[in-house]
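*Asks:* Supplied in structure tokens, the structure appears directly below.
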């Protein structure tokens, strides 16, 4: 009985994670960016259930995806998250940056982009209006990992992001990824 | 018309000049400078920061910053009327990672009559810091800071009515680095 309950709870959590990620996976710039990273660096992103198997806390992930702990910055249920782990992100980051900016220029406003050759880290933050709210797209690429987060945020939180774009972008990504909860 | 050209042989050139003049004037008064010439430095820089806050984002900031918050109220007041804030900053591990030619790609755009270099400007930065303003009549419509330190090159280009005082207040916000710029000239007597 106990085992059945555990299986049921796990199934529900996994299904909600799959639903939460799958419901956002229809043609959007988020998907294009994920594909662009995959093609440019010859890497593959991981879905949340896969990451769960790799040692992440599923319940925590589900709560985050559904807006549980993301309420501080993002609107509940608005998160799209793709992560790349333990892969090789060696490549011409200037060429990548150009491709990304060209792809995003028609609908997104670039806010801040930072490149660190020392740490092999790239951060890109784009904004676009969505009714009375905003979409924020954050792309962080490191030597072996990458994260793409798209979230809907309130005007108030866009103000906070604009006050200090670099730290704001890091806060969004920190909230959307799982590792930092541990 | 032919007879007019015969009487005044330079008429076609004059007409062409008249037609081109407005376009040239508009171009000459555009205080947005091209920073893409510096993009190649990203490959050598240990850290690159690129901030682009265009008019849409500035209007957004002016709309959403909270007047009850002291910081935000100040920023809101300062950004009203601005049309863009663009920052490129490169940090290098070693000296001489950027060339005089790189600096010249910026300086060549900061020429008179559009741009006037401000003298009597000091900065907490170590290297050479130059501040330029773009004027339309007696109104400032742009400001550019070019900070060339041995291991760091920073360009800040602000479009719109902005002066040194405003710049100083905006430093540290909206991606504008802390340059510690101020006028070394004592202000005239308070009115």
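Since every read-out is calculated from the coordinates, none of them should be taken as a lab result. Because the structure is a prediction, the values reported are computed rather than measured. Please note: Cβ atoms are built from the backbone with ideal geometry, for glycine as well, and neighbour counts cover all protein chains shown.
*Asks:* Rounded to the nearest Å, what's the spacing between the alpha carbon centres of the stretch B:80-113 and the stretch A:93-130? Just the number, please.
*Replies:* Using only Cα atoms, the two centres lie 20 Å from each other.
*Asks:* Using the number of other C-beta atoms within 10 angstrom as an exposure proxy, rank B:37, A:45 with the fewest first. Numbers along the way, then the final one.
*Replies:* Working: B:37 16, A:45 19.
Ascending Cβ contact count within 10 Å gives the list B:37, A:45.
*Asks:* Now for a separate question. Neighbour counts of other C-beta atoms within 10 Å: give me B:63, B:68, A:133 arranged from fewest to most.
*Replies:* Ranking B:63, B:68, A:133 by Cβ neighbours within 10 Å, fewest first, gives B:68, B:63, A:133.
*Asks:* How big is the C-alpha Rg of the stretch B:87-144 next to the rule-of-thumb value 2.2 N^0.38 Å, as a ratio?
*Replies:* The reported ratio for this selection is 1.30.
*Asks:* Considering every residue in A:153-163, what mean count of other chain Cβ atoms within 10 Å of its Cβ is obtained? Show your work: numbers first, answer last.
*Replies:* Numbers: counts 0, 1, 4, 4, 1, 6, 10, 4, 0, 13, 10.
Taking the mean over all residues of the peptide, I get 5.
*Asks:* Moving on to the next point. Can you quote the Å³ per residue value for the convex hull of the Cα atoms in the stretch B:119-158, rounded to an integer?
*Replies:* In the stretch B:119-158, the Cα hull volume divided by residue count equals 62 Å³.
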